[in-house]
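Chemist: Below is one structure. I have some questions about it.
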Amino acid sequence: MTDATVNLSRRRGLRLRPGGNLVTFGLLLPGLVFILLMFVWPIVSMLARAVYSPELERALPATILAMADWNGEGLPPDAVAQALLGDLRGIDRARAADAGRRLNYEIPGFRTLLLKTVNKGDPAKGFEALRAIDARWDDPSYWRAIRRASPVLTSYYLLTALDFERREDGGIGAAPAERALFVPVLVRTLWISTVVTLTCLLLAFPVAYAIASAPRRRQAVLMLLVLLPFWTSLLVRSSAWVILLQDNGLLNMLMIRLGIITEPVRMIFNRTGVYIALIHVMLPFMVLPLCNAMRAVPGDYVRAAFSLGASAPRTLLQVYLPQVWPGIAAGSLLTFVICVGYYVTPLLVGGTSDQMLSYFVAFYTNQTVNWGLASALAVVLSGLMLVLLGLYALIPRRGGLTARA
């Protein structure tokens, strides 16, 4: 082919490329729209609730506007009370309930007080009408709670998720010990996930090595056994451990008959059961990346190390492990990230003191309908996972040989 023909083909390619890119984009567009609408938008809108709180602005707009010049000391001007009664006159009860639920996070019982005041009292009488409805309206702390909860963009949920609170003077401080719940749960979640990840690594390494070094036909059979748990429902697997680990379950009965123990050992509804069930569920996620990494290691490297006089431990530490390090990192990260977000298994086999952070996300989403706090807890977990992914990105993808003769 002559240079002129090559140049002509290149020019034609350049002319056709924009149209080709347009066709490719058109083919991908439905998939992109589906991903944006079905996955990205719901997740972003849910996480946004961690800082977005429009309940009071929707229910009490005139009250918030009248409070703009109040410094928070003593009772607000009578115009604020008049504005509150005006906002609550003829208001949709569902909207008032949403505002009351948000205020209930500031002061327990505020929702009942607010709903009690709906469509009652003459707005022109202000505080006189509010006092006749309930004496609590004479307490300045209730008005300061409205003032704190009024911004549409709020840090309340994120502070609560980190066991902090905004005090009445506007400062931020640690929450009282009786309300400091989520940091201990986060530490517990990280600890359980770390123990499960390390245990899975210790158990998966010899399994993955056996699979990677086996003949090809045997590899297929062994890999099938590893993947077999994926074909069983997670709920079924977790429920099976409830049956196996209970006091009169198969494991206790077997150990008693073998003379290992004389009475049943408590292995269910505690941390032991959580570890056993999670390790069983997580183990394949560690085996698969390790297998891929071990298959890529040439056997000549290990044989060369032995022929040069390196001992077995030195060959393992300085020749083999550096080559499979990317697989170790990928498997550990995958196992840890999935374990951190697990909900069903700890719920079924763990006790009340063994629940992980995902349990509280589900609790505040489905039971108390506190979507702001559920979103804030999800943001904390997501931020932690982003940090781990950033650290993983710094890990070199190729291990180096450091063995010396």
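The values are calculated or read from the model by the stated rules, or taken from the named source; none is laboratory data. Here the structure is a predicted model, which means the values were calculated and not measured. Using ideal geometry, Cβ is built from the backbone for each residue, glycine included, and neighbour counts are taken over all protein chains shown.
Chemist: Within segment 241-261, track down each residue that is under 29 Å from the mean Cα position of the chain (by Cα) and exposed (fewer than 15 other Cβ atoms within 10 Å of the Cβ).
Modeler: Across segment 241-261, the qualifying residue is only Ile243.
Chemist: Given (1) closer than 15 Å to Ala210 by Cα; (2) buried (at least 18 other Cβ atoms within 10 Å of the Cβ), identify the lone condition not met by Gly299.
Modeler: With (1) closer than 15 Å to Ala210 by Cα; (2) buried (at least 18 other Cβ atoms within 10 Å of the Cβ) applied to Gly299, the lone miss is (2).
Chemist: Kindly indicate whether any position in segment 179-187 is touching a Pro at 6+ places or on another chain (Cβ under 9 Å), part of a helix (DSSP H, G or I) and aromatic (Phe, Trp, Tyr).
Modeler: no
Chemist: Given the condition under 25 Å from Ala79 (Cβ atoms), modelled with pLDDT under 95 and outside the structural domain of Met282 (by TED's automatic domain parsing), answer yes or no: does some residue in segment 156-165 qualify?
Modeler: no
Chemist: For segment 178-219, enumerate the residues that are farther than 30 Å from Tyr364 by Cβ and charged (D, E, K, R).
Modeler: Across segment 178-219, the qualifying residues are Arg216, Arg217, Arg218.
Chemist: Would you mind listing the helices (runs of 4 or more DSSP H) fully within segment 289-405 where at least 3 residues are farther than 23 Å from Leu202 by Cβ and small (Gly, Ala, Ser)?
Modeler: Hits in segment 289-405: 299-307, 371-393.
Chemist: Scan segment 105-112 and give yes if some residue there is within 35 Å of the chain's Cα centre (by Cα), at positive phi, modelled with pLDDT of 90 or more and outside the structural domain of Thr368 (by TED's automatic domain parsing), otherwise no.
Modeler: yes
Chemist: Right, another one. If I go through segment 71-107 residue by residue, how many of them are of a type outside the set (Gly, Ala, Ser) and under 12 Å from Tyr142 (Cβ atoms)?
Modeler: The number of residues fulfilling the criteria is 8.
Chemist: Follow-up question, since we're still on this one. Can you go through Tyr156, Tyr142 and tell me which one is surrounded by 12 or more Cβ atoms within 10 Å (Cβ to Cβ), of a type in the set (Phe, Trp, Tyr) and without any contact (Cβ under 8 Å) to a residue 60 or more places away in the chain?
Modeler: Just a single option satisfies the conditions, and that option is Tyr142.
Chemist: Would you pick out the residues in segment 372-394 that are touching a Phe, Trp or Tyr at 6+ places or on another chain (Cβ under 9 Å) and buried (at least 17 other Cβ atoms within 10 Å of the Cβ)?
Modeler: Within segment 372-394, Gly372, Leu373, Ala374, Ser375, Ala376, Leu377, Val379, Val380 qualify.
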